[in-house]
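Notes follow the structure.
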Amino acid sequence: MMTIESFVLYNIVMWTVGWYLLKRHGEKEYGEGIRDAVNMHYTGQLTYTPMLDGDLEMLNIKIKPDEEYED
């Protein structure tokens, strides 16, 4: 039978492991996204135009579908 202390400890450990795995997964996906963006820019699939909205600098990003660009 599980005591309340064991139950609390179990939940703390599970939350910690879950948080770590989500954080690690997010960092990996971010890195892969940056790599994909650089590759799409190199091949011409991704184009961007800098814009100013008052004091705010923005980018207008356009990504062509795979079938619309040639390697």
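Just so you know, all these numbers are worked out from the coordinates, no wet-lab data involved. Quick caveat: nothing in here was measured; it's all calculated off a predicted structure. With ideal geometry, Cβ positions are generated from the backbone for all residues, glycine too; neighbour counts draw on all protein chains shown.
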Next on the checklist: Lys28 - would you say it is over 18 Å from the mean Cα position of the chain (by Cα) and among the basic types (Lys, Arg)?
Outcome noted: no
Next on the checklist: Among the listed residues Ile61, Ile12, identify the single one that is surrounded by 10 or more Cβ atoms within 10 Å (Cβ to Cβ) and under 17 Å from the mean Cα position of the chain (by Cα).
Outcome noted: Ile61
Item to check | Among (1) over 16 Å from the mean Cα position of the chain (by Cα); (2) small (Gly, Ala, Ser); (3) surrounded by 10 or more Cβ atoms within 10 Å (Cβ to Cβ), the one test that Gly54 misses | outcome: (3)
Checklist outcome for this item: Residues in the stretch 38-65 that are in a strand (DSSP E or B) and among the basic types (Lys, Arg) total 1
